[in-house]
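Read through the structure below, which is laid out as structure tokens, and then see the notes.
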Amino acid sequence: MIKNEFTSYKLSKGVIDALTKLKYVTPTEVQKRAIAPALDKKDIVVKSKTGSGKTAAFAIPLIENVVWEENLPQALVLEPTRELAYQVKDEIFNIGRMKRVKVPVVFGGAPFQPQALSLKQKSHVVVGTPGRILDHLRKGTLQLQNIEYLVIDEADIMLDMGFLDDVKEIISYLPEKHTTMLFSATMPEEVDGLINEYMTDPVKILIESETKTEDNITQLGYFVENEDKTDLLLDILYEQAPEYCMIFCGTREMVNVLYRKLRKERIRCGMIHGTVAQEERLRTVDEFRQGKFGILIATDVAARGIDFDTITHVINYDMPFGKETYVHRIGRTGRNGKSGIAISLMNAKEEKLKNTIEEYTGAQITICERKSKEELKLNRRYYLEKQNERRPLKKKKGAVFNKEITKLSIGGGRKSKMRAVDIVGTICSIPNVVAEDIGIIDIRESLTYVEILNGKGKIVLDALQTKPIKAKIRKVRISR
Ligand code: ADP
Ligand code: MG
């Protein structure tokens, strides 16, 4: 068996086991440099390219230092968008899976009350977007007095005008002494002042290289009049026949318009932007991640942080306003060592922006000539046929744990005063089953769910048919 190189850090067995299951066996550069100081609770500022593994760089030390017995949250992670909050919650949850770490996520556009309920239970790491976190703080449904770590992901945008006041207010709820960790792929100098205001002598981990963008992303561009853009976009899609592609537009309206146009061309696609209903947004991202369709049209709400591991193409249908956003957008491809293609559609006035971007990223955007319609005729047919081929759906990352985890439902819950200790007590009295084999316990009104780890679900299920919990034989079943 290959040795997991994360063992060279002071990490407990549960964390190493989870990392091994997730196939994280070699730390990335940013993880190599950030894990040790973060474990030591030093303030850190990290700048490292898109897709370089920043999430695990903070998730691993957070999880390692979580004290399971505590009930109030010990770490708070701020994210700029709901989808990103959800994704980062998953990553932290997966890494903390063997340690049974509870990671509630809160964001706007979703009902408040269920979030408040989950915060009321034991929670170790809370992930969320600033607005909704503040709502919970003001209503008293989130307690931050025990926070040891504050993580501000995508820090440059979080300390920018739109978010800054919220972030400042959130910080005012934190205990005086806490560790602050900032992460982003871009850190303009403007945020330096703020960094010094909120951090004490931070360890700066700046992983710089010649280019700001991944070298494995080929950057292309077209000069085109605005009215010809859609036509050109279709040509590009037919020519490139991208397997998984994100198309960025400047406004929500443009996303809507383009979505309708592509659908009319019988191109399978999905869209996300700020006024799509939240449930729909999460579902779309999920389905795109599973590979149910190959094109996602989006505003910059999806420009940052979102990790789709197989995006082959990013198309800037409208150019972004700033050079940083360009870096984040095209960073949705070329992740995890894979290669990618980024294509920008520009009008004559945007030549200056192109130069600014090139200077900033240190990479060239190669200008292409349009192909003739004649040349592309066959491509169109090929593309429309290819997109309808059935592809096997991709599994979720956390699915690796499911084989060894069985979720049981047990009759009895809050109404009958069921407590976690009752469940743990009984299950631990089963031969060959120990506390470490018990995962998350979720006590509902009149039902309790409990996860049994390490492939011991069947043993526990069988034993509980005749073993009383809280003096009664309960109805115990496998829950799907
Ligand atoms: P960033 O935040 O730097 O843009 P992410 O944290 O989203 O990057 O990670 C990018 C991808 O790399 C994710 O799919 C993640 O699962 C994967 N990854 C992170 N660390 C490792 C590792 N040590 N080994 C293998 N894959 C990793
Ligand atoms: Mg990230």
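The values are calculated or read from the model by the stated rules, or taken from the named source; none is laboratory data. Note that the structure is predicted; figures quoted are calculated from it, not measured. In this analysis, Cβ positions are derived from the backbone assuming ideal geometry, glycine residues included, and neighbour counts consider all displayed protein chains. Heavy atoms of the whole protein, side chains included, go into the accessibility calculation; ligands, DNA and RNA do not. Shrake-Rupley method; radii C 1.70, N 1.55, O 1.52, S 1.80 Å.
Is it the case that the range 93-108 has a residue that's open to solvent by 30 Å² or more (accessible area, probe 1.4 Å) and part of a helix (DSSP H, G or I)? Yes, the range 93-108 contains at least one residue that is open to solvent by 30 Å² or more (accessible area, probe 1.4 Å) and part of a helix (DSSP H, G or I). Of the residues making up the range 230-250, those that are part of a helix (DSSP H, G or I) and among the aliphatic types (A, V, I, L, M) are L232, L233, L234, I236, L237.
With respect to V66, is the statement that it is more than 24 Å from N336 (Cβ to Cβ) and β-branched (V, I, T) true? Talk me through it step by step, then tell me what you get.
Numbers: more than 24 Å from N336 (Cβ to Cβ): yes; β-branched (V, I, T): yes.
Yes, satisfied.
Would you be able to say whether some residue in the range 458-467 is under 30 Å from Q87 (Cβ atoms) and exposed (fewer than 12 other Cβ atoms within 10 Å of the Cβ)? No.
Kindly provide the set of residues from the range 70-90 that are out of contact with any Lys or Arg (no Cβ under 8 Å at 6 or more places or on another chain) and either without any contact (Cβ under 8 Å) to a residue 60 or more places away in the chain or assigned to a helix (DSSP H, G or I) (or both), ordered by number. Residues satisfying the conditions are A85, Y86, Q87, V88, K89.
Give me a count of the residues in the range 48-67 that are open to solvent by 20 Å² or more (accessible area, probe 1.4 Å) and either among the small types (G, A, S) or at pLDDT below 95 (or both).
So the first thing to find is which residues in the range 48-67 are open to solvent by 20 Å² or more (accessible area, probe 1.4 Å), and the list is 49, 51-55, 64-65, 67.
This time we only want the ones that are either among the small types (G, A, S) or at pLDDT below 95 (or both), so: 49, 51-53.
Summing the residues that are open to solvent by 20 Å² or more (accessible area, probe 1.4 Å) and either among the small types (G, A, S) or at pLDDT below 95 (or both) in the range 48-67 gives 4.
Of the residues making up the range 151-186, those that are within 16 Å of ligand 2 (Cβ to nearest atom) and aliphatic (A, V, I, L, M) are V151, I152, A155, I157, M158, L159, M181, L182, A185. When each of L22, L39 is tested for being more than 15 Å from ligand 2 (Cβ to nearest atom), within 16 Å of the chain's Cα centre (by Cα) and open to solvent by 10 Å² or more (accessible area, probe 1.4 Å), the lone residue that passes is L22.
Inside the range 10-52, can you point out the residues that are within 26 Å of A399 (Cβ to Cβ) and among the hydroxyl-bearing types (S, T, Y)?
Pass one, the range 10-52, residues within 26 Å of A399 (Cβ to Cβ): 11-28, 30-31, 35, 50-52.
The answer is S12, T20, Y24, T26, T28, T50, S52.
Quick check on L378: is it among the aliphatic types (A, V, I, L, M) and without any contact (Cβ under 8 Å) to a residue 40 or more places away in the chain? Before you say what the answer is, go through the steps one by one.
Working: among the aliphatic types (A, V, I, L, M): yes; without any contact (Cβ under 8 Å) to a residue 40 or more places away in the chain: yes.
Yes, satisfied.
If a residue must be in a helix (DSSP H, G or I) and among the charged types (D, E, K, R), how many such residues does the range 53-69 contain? Looking only at that region, the number is 2.
Of the helices (runs of 4 or more DSSP H) contained entirely in the range 263-367, those carrying at least 2 residues that are surrounded by fewer than 18 Cβ atoms within 10 Å (Cβ to Cβ) fall at 278-290, 351-361.
Within the range 187-199, does at least one residue satisfy the condition of being within 16 Å of ligand 1 (Cβ to nearest atom) and assigned by TED's automatic domain parsing to the domain that holds D90? Walk me through how you get there before you give the answer.
First pass over the range 187-199, keeping only residues within 16 Å of ligand 1 (Cβ to nearest atom): 187.
Imposing the further condition that a residue be assigned by TED's automatic domain parsing to the domain that holds D90 reduces the set to 187.
Looking through the range 187-199, at least one residue is within 16 Å of ligand 1 (Cβ to nearest atom) and assigned by TED's automatic domain parsing to the domain that holds D90.
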